[in-house]
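Here the structure is laid out as structure tokens; the discussion comes afterwards.
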Amino acid sequence: MLYFARWKTVLILLTILVGILFSIPNFFTREQVASWPSWMPGRQLVLGLDLQGGAYLLYEVDRGSYQQKRLQSLVGDIRNALRQSEPRIGYTGLGIKDNTAVELRLRDTARVADARERLKDLVNPLDASVFSGTQINEFQYTISDDGHIRFSFTEEGLAQRIRSVVDQSIEVIRRRVDQLGTTEPSIQRQGEDRILVEAPGLSDPERLKAMVGQTAQMTFHLVDVNSSPEQAIQTRPPAGDMLVYSTDDPPVPYLVEETPLLTGDDLDDSQATFDQRSNEPVVNFRFNTAGARKFARVTQANVGRPFAIVLDNEVISAPVIREPILGGSGQISGNFTVQTANDLAILLRAGALPARLTIIEERTVGPGLGADSISAGKIASGIGIVAVAAFMIASYGLFGILSCVALFANMALIFGALSFLGATLTLPGIAGIVLTVGMAVDANVLIFERIREEVRAGRSAISALDAGFSRALGTILDANITTLIAAVILFYLGSGPIRGFAVTLAIGIITTVFSAFTFTRFLVAMWLRNRRPSRLPI
Amino acid sequence: MRLLRLVPENTNFGFMKNRYISFTLSGTLIIVSIVLFLSMGLNYGIDFKGGTVIEMETKDGPANIGDIRSELSQLQLGDVQVQEFGAPNDVLIRIERQQGGESAQQRAIALVRDTFGDTVNFRRVEVVGPRVSGELAQAGTLAVLASLFAVLVYIWFRFEWQFAVGAVAATVHDVIITIGMFSVLRLDFTLSSIAAILTIVGYSLNDTVVIYDRIREDLRKFKKKPLLELLDGSINQTLSRTTMTSFSTLLALGSLYVFGGEVIRSFTFAMIWGIGVGTYSSIFVAAPILNFLNLRNDTGKSGDGSAEKEQATPA
């Protein structure tokens, strides 16, 4: 147990050296590390949100509102299909049922076959799955002989729709968040219909929430001047019109045409600037070619009429068309501050979210609390380590000092491994490390107590050391493997901060067995060779 | 140099003769814990119950908890708790889960932000919606059960079945009593508490396995020794190690408890408690249970052969 071949010696020292090398960058700032030569390890520990501040936002696609949106457009498609047939197919009671289906009834049961022919394309085939090769439709429908028609979602079709909504949303969110200029946000899919946005080091989580969560569906509507909004509030809006409110306080009602002239999809670019005359922040936008042509046509035909720019069902501006706008660009001015103008420009450039997203879990930590936690963690672990080291030296003298050297090597290995893996250090993670320190000592205690026993049993120095190490090994392995099993399961079943804890615990267990057993044994062997003692100072 | 000893050499405490006292004590604690858990339940934090936690810091001077409470009560957010958190100008607000789905939680935070505005810094905001909280509770319970089961299998594999049963019984004992502690002290039961309980599971097993290891060794060495005497011997031999390790782990945890900040205080408190319970259960539950499970009859047969040659060291 106490003889080390040269290659083993080299290997042990090399392992610790590598550990020290990889943990060094953590003691310098990011800028300093960046200026080092490239062969030096440059990876630093990633600090968790709880330590450096930032936001953790878990979004879920609002299925209800997405289904409603899809069914509404299906209603429109059915209406068009039946009206456009020659002669018209009469129907009644067309509407959404329970937010899962669209139902209607034909007036004339003789037209069932015609209706089936007209409606069969509305099942909306989606891309066939590459693997199964079967065709998936978004909708399925039934037509009974008495003229009752029911369209409903297919399960796979809806699932596929939601999946692509998540993909598109991730793209849109990425475009938006990238322009906020925070440090490397991470945006990823979670499960079927969830998106996790993590932005470490962000100082203004509210702004991020506003930027990520907003649907940002912009539409341009002509204002209906033939009827007044007040009238519409008292009774109901005329057919083809809808009532929307402005963002002012109190909100001003507008009566606009339901079908938008143009939407945010027709935009090419948008920029926040200042108005040249009033010097107020405004947002300039430019349509793409098709949009510009359409905008020119509409403005030519409606000079003198107001139109409304609607963002997520709220009127942000309702200018009057003074002259035809042929260049395809325009300006939105609506009580912006510099930041709101900037944010709106970003939202318009990045495009609208395909569905509404709701926050189902939010954890934001301000930079102040993060800094406090780091310093508290540093102080606590420093004091803890010093206390444990002092206790070990007081209890085991020279062997205690050796175990402190091993403890130092252990810390270097833990930090080196965590840095190398790019693991995230969280507050529970620091607790895991401190606990490892306590447990690391356990392995040494097991060995040293065993040596004491062997000395008491009358063995010579060398044979007591040898027996102490070899007999303690089984115990150390059994004890640490049981804890490792708990850590691994914790990692697989835990989430967020608990995972950080599990990672540090697991790494700590592995490095502990190495440093407390192998490295301490190595140190003892070195001491033994140099001093050749007849009695052990233990 | 005189070295520090927590326990003297060659102790010979009669742990086993008190086994009925310790069993009564453990049994009572377990029953009390279960009764507490069923009657009072746990003080579930937002991770499992849903809701909002806001930590804020007043900018000028110490916070007036009474004023904050009365301002919040005007917002009609249901059950709202306000408490000082670590420093006089640091306040923790807990708001119960709002009715009306996921977006209702966001409206509640917006109201609080508007109410206090620029007079405070929001140091931390955590919102867990109803859906997520259910999933977290499920995953947490599953984690504890799965790890217990895995460990049971491992010890079964490495030792006799009595050891596996004894280790798991001792660990379950620790988990139940820890849950009882959470219940009676009304500590926040969160995801970190689950992590703390799992750490306790790990530590308690570690401690138990070390003693079991020695018992297994002694069983091979002293074939004729009465089991109770042998168990006492094994515990006494490892007593120095048991106390040393517990003490050094407590030193590390104690420093974390005192200096580690408010956020992880309840986490470290649970672990300190667990170290105490875990150490107790290894000695007073895990070891004597082997006697009840008729350990000798089984291992006497399997442990012969090479064991005879082993050099005996006096206890």
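Taking packing as the residue-averaged number of other Cβ atoms within 10 angstrom, the listed peptides A:187-199, A:433-445 run from highest to lowest as A:433-445, A:187-199. Please determine, in degrees from 0 to 90 and to the nearest 10, the orientation of helix A:461-493 with respect to the longest principal axis defined by the Cα atoms of chain A, where the helix direction is its Cα long axis. Relative to chain A, helix A:461-493 is tipped by roughly 10 degrees. Along the Cα-to-C-beta direction of A:Arg535, a point sits 7 Å from the Cα; which residues of the range B:1-27 have their amide N less than 19 Å from that point? In the range B:1-27, the label zone of A:Arg535 (backbone N under 19 Å from the point 7 Å along Cα→Cβ) covers B:1-5, B:9-10.
In degrees from 0 to 90, rounded to the nearest 10, what is the angle of the helix A:497-512 Cα long axis to the longest principal axis of chain A? Helix A:497-512 sits roughly 20 degrees off the main axis of chain A. Mean per-residue shielding of peptide A:432-445 is 6, counting Cβ atoms of other chains within 10 Å of each Cβ. When the Cα positions of A:Val320, A:Gln339, B:Gly27 are compared along the charge dipole of the protein assembly as shown, B:Gly27 comes out farthest toward the positive end, with charges on each C-beta of Lys, Arg, Asp and Glu. Available extension along the chain between A:Ser333 and A:Lys120 is 72.1 nm, counting 0.36 nm per residue and deducting the alpha carbon span. About its Cα centre, the range B:49-128 has a charge dipole of approximately 240 debye under the convention of +1 per Lys or Arg Cβ and -1 per Asp or Glu Cβ, with nothing else charged.
Can you give the charge dipole size of the range A:217-337 about its Cα centre, rounded to the nearest 20 debye, using +1 on the beta carbon of Lys and Arg and -1 on the beta carbon of Asp and Glu?
Approximately 460 debye in magnitude.
Per-residue shielding of B:233-243, expressed as the average number of other chain Cβ atoms within 10 Å of the residue Cβ, stands at 3.
Since only A:Gly64, B:Pro8, A:Leu11 are under comparison, the one whose Cα sits farthest along the positive direction of the charge dipole of the protein assembly as shown, derived from C-beta charges on Lys, Arg, Asp and Glu, is B:Pro8. Pop the C-beta distance of B:Val7 and A:Glu184 into the FRET formula with R0 = 35 Å and round what comes out to the nearest 0.05. With R0 = 35 Å, the Cβ-Cβ based efficiency is 0.10. A simple spin-label model places pseudo-atoms 7 Å from Cα toward Cβ; at A:Ile401 and B:Leu111 they are separated by 6.6 nm.
Ordered by packing density, taken as the mean number of other Cβ atoms within 10 Å over each peptide's residues, highest first, how do A:508-514, A:64-70 rank?
Taking the mean over residues of other Cβ atoms within 10 Å, the ranking is A:508-514, A:64-70.
Ordering A:Ser85, A:Ala390, A:Gln52 by the projection of their Cα atoms onto the charge dipole of chain A, which places +1 on the Cβ of Lys and Arg and -1 on the Cβ of Asp and Glu, puts A:Ala390 at the extreme positive end. Taking 0.36 nm per residue of separation and subtracting the Cα-Cα distance, full extension of the segment from A:Arg277 to A:Leu94 would add 60.7 nm.
Counting only residues at least eight positions apart within a chain, or on another chain, the lysines with an alpha carbon under 19 Å from that of B:Lys221 are B:Lys301, B:Lys309. When only the Cβ of Lys, Arg, Asp and Glu is charged (+1, +1, -1, -1), the dipole of the range B:31-93 relative to its Cα centre reaches about 280 debye. Antiparallel beta bridges, as assigned by DSSP with both residues in chain B, represent about 90 percent of the total such bridges. Cross-link reach is defined here as a Cα-Cα straight distance under 21 Å, omitting same-chain residues fewer than 8 places apart; for A:Lys120 the lysines meeting it are A:Lys69, A:Lys97. What the phi angles of the range A:15-32 give under the Karplus curve with 6.51, -1.76 and 1.60, with θ = phi - 60°, is a coupling list of 4, 5, 4, 4, x, 5, 4, 6, 8, 4, x, 5, 8, 10, 6, 4, 5, 4 Hz, glycine and proline written as x. Please give the Cα centre distance for the range B:218-236 versus the range A:24-66, rounded to the nearest Å. Taking the Cα centre of the range A:24-66 as reference, the centre of the range B:218-236 is 54 Å away.
If R0 equals 30 Å, the separation of the Cβ atoms of A:Gln160 and A:Val225 corresponds to a calculated FRET efficiency of about 0.10.
Among the DSSP helices (H) of chain B, those spanning at least 20 angstrom by Cα along their long axis with an average Kyte-Doolittle hydropathy of 1.0 or more are B:19-39, B:130-158, B:161-185; this is a geometric and hydropathy rule only.
Counting Cβ atoms of other protein chains within 10 Å of each Cβ in A:463-476 and taking the mean gives 2. Model label sites at B:Ala139 and B:Asn294, defined 7 Å from Cα along the beta-carbon direction, differ in position by 4.5 nm. The stretch between B:Val184 and B:Phe157 holds 6.0 nm of extra length on full extension. This uses 0.36 nm per residue minus the Cα-Cα distance. Give me the distance in nm between label points sitting 7 Å out from Cα along the Cα-to-Cβ direction at A:Thr134 and B:Glu84, one decimal. Each label point is offset 7 Å from its Cα along the Cβ direction, giving 6.6 nm. The simple Förster model, with R0 at 25 Å and r as the Cβ-Cβ distance, assigns B:Phe222 and B:Ile21 a FRET efficiency of 0.45.
Mean-square fluctuations from a GNM of chain B, with a 10 angstrom spring cutoff on Cα atoms, peak among B:Gly134, B:Gly166, B:Gly100 at B:Gly100.
For the peptides A:73-83, A:336-346, the ranking by packing is A:336-346, A:73-83, with the highest mean count of neighbouring Cβ atoms within 10 Å listed first. Against the main long axis of the alpha-carbon atoms of chain A, helix A:63-84 sits at an angle near 30°.
Counting only aspartates and glutamates at least 8 places from B:Lys223 when in the same chain, those with an alpha carbon closer than 19 Å to its own are B:Glu160, B:Asp213, B:Asp232, B:Asp298, B:Asp304, B:Glu308, B:Glu310.
For the pair the range A:211-251 and the range A:422-441, the centres of their Cα atoms are 57 angstrom apart.
Quick note: the coordinates plus some simple rules give every number you see, no bench work behind them. This one's a predicted model, so the numbers in the text were calculated from it and none came from an experiment. Don't worry about glycine lacking a Cβ; one is built from the backbone with ideal geometry, like all the others, and counts go over all protein chains shown.
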